[in-house]
Amino acid sequence: MEIGLYTFADVAAGHPELAGQRLRNLVEEMELADQVGLDIFAVGEHHRADYAVSSPAVALAAGAARTRRIRLSSAVTVLSSDDPVRVFQQYSTVDGLSNGRAEIMAGRGSFIESYPLFGYDLDDYDALFAEKLDLLMKLRDSEHITWEGSLRPSLNGQGIYPRPEQKKLPIWIAVGGTPQSVVRAASLDLPMALAIIGGDPRRFQPFFALYRDAHGKSGHDAKTIQLSLNMHGFVSDTDAKARDTYSAAHLEVMNRIGRERGWPPQGREHFDASCGPTGNLIVGSPERVADRIIELHSIFRNTRIMIQMAIGTVPHSEQMKAIELMGTKVAPKVRAAVGGVQ
């Protein structure tokens, strides 16, 4: 199983001028994650004042120059409001800079600010993603492509460059619990990343079963199945320190987003319950975090786990310490129990 981290490069609410420092910290985090032996680092795309990264490929290119082994991915590329040709070119460039370590995690986005920003109609939310994913897959498979769509201008044999270092640039599909999205990923033989940000994780196990069933019914080899759990978490020297360090930042972000979406407010009691045996947060000492990851693997049989630790205003020093512990303490115990990357 691969073990990695993802981040949206949060900026303190109301302080977009801090984005530059957050980006510099982000590159340091990628470099450390590589040094301590984690398998993958991913960066999300947003177009809001509270996040520093609107172009994950640019941030990952900076990380590519400072790392040697770790895989570098988006989490996610909002494909519906982007151009697949540019996405492919950007990640092929990252792939070349990194000696073949780039990936694309494509999704429709949990926020919708990019749609009006780039002139897209939200009524086309589903159609945009389906059409652009089809084009992105064809770009990956062919140097010259003839393609016709209804929402994006056609291509008539043009060559798409640069080509990636890898023979086939990996494309993952990020889903949030919609069965149709799960079936689409499985039918296309694309790896799936499932985000779990609330509730008992075990209630999402049927989505992994649905993926495996649809994958087999589509005639694909079960050996190609790749499934990721994407969850929130944090690690520190002790359970208490991990909760105390992570709780305020996590609650501030979730309540701020909750006010936008009509969610009820959360407090420390809710946070502590979410860190419990059936909770959605993987927070604690290295031993606790490793044991929880191993337990989840026994339920989901996932091939990758991604932890979002840099939520809100977690201090950079604490974030760096957490990355070190993930690589030196958590990952070795998990790999010993369930196996690592070959």
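The values are calculated or read from the model by the stated rules, or taken from the named source; none is laboratory data. Fair warning: this is a prediction, and the values are worked out from it, not measured in the lab. Virtual Cβ from ideal backbone geometry, glycine too; neighbours counted across all protein chains shown. Only protein heavy atoms, including side chains, enter the accessible area calculation; ligands, DNA and RNA are left aside. Shrake-Rupley method; radii C 1.70, N 1.55, O 1.52, S 1.80 Å.
Here the Kirkwood formula puts the hydrodynamic radius of the range 102-151 at 12.4 Å, using every distinct Cα pair.
Taking the alpha carbon gyration tensor of the range 68-223, multiplying each eigenvalue by 5 and rooting it gives semi-axes of 25, 20, 17 Å, largest first. Annotation: average projected area of the chain is 16.3 square nanometres, based on the convex hull of Cα atoms across all directions. In the chain, the DSSP beta bridges split such that about 10 percent are antiparallel, to the nearest 5. According to the Cα-based calculation, Rg over Rh for the range 301-342 is 1.05, with Rh computed by the Kirkwood formula. Applying D = kT/(6 pi eta Rh) to the range 117-195, where Rh is the Kirkwood radius over alpha-carbon pairs, T corresponds to 20 °C and eta to 1.002 mPa s, the Stokes-Einstein value obtained is 151 µm²/s. Candidates S110, V330, T178 compared by Cα position along the dipole of the chain: farthest toward the positive end lies V330, with charges placed on Cβ.
With protein chains left intact and a 1.4 Å probe, residues in the chain average 41 Å² of accessible area per residue. For the range 140-205, the list of GluC sites (Glu not before Pro) that fall in a loop by DSSP and count at most 13 other C-beta atoms within 10 angstrom reads E143, E148. When restricted to Cα atoms, the range 17-103 yields an Rg and a Dmax of 12.4, 35 Å, respectively. For the range 162-298, the extents of the C-alpha atoms along the principal axes are 47, 36, 35 Å, listed from largest to smallest.
Nonpolar atom fraction for the chain, defined as the carbon and sulfur part of the 1.4 Å probe accessible area, stands at 53 percent. A 1.4 Å probe, protein heavy atoms only, puts the accessible area of D83 near 40 Å².
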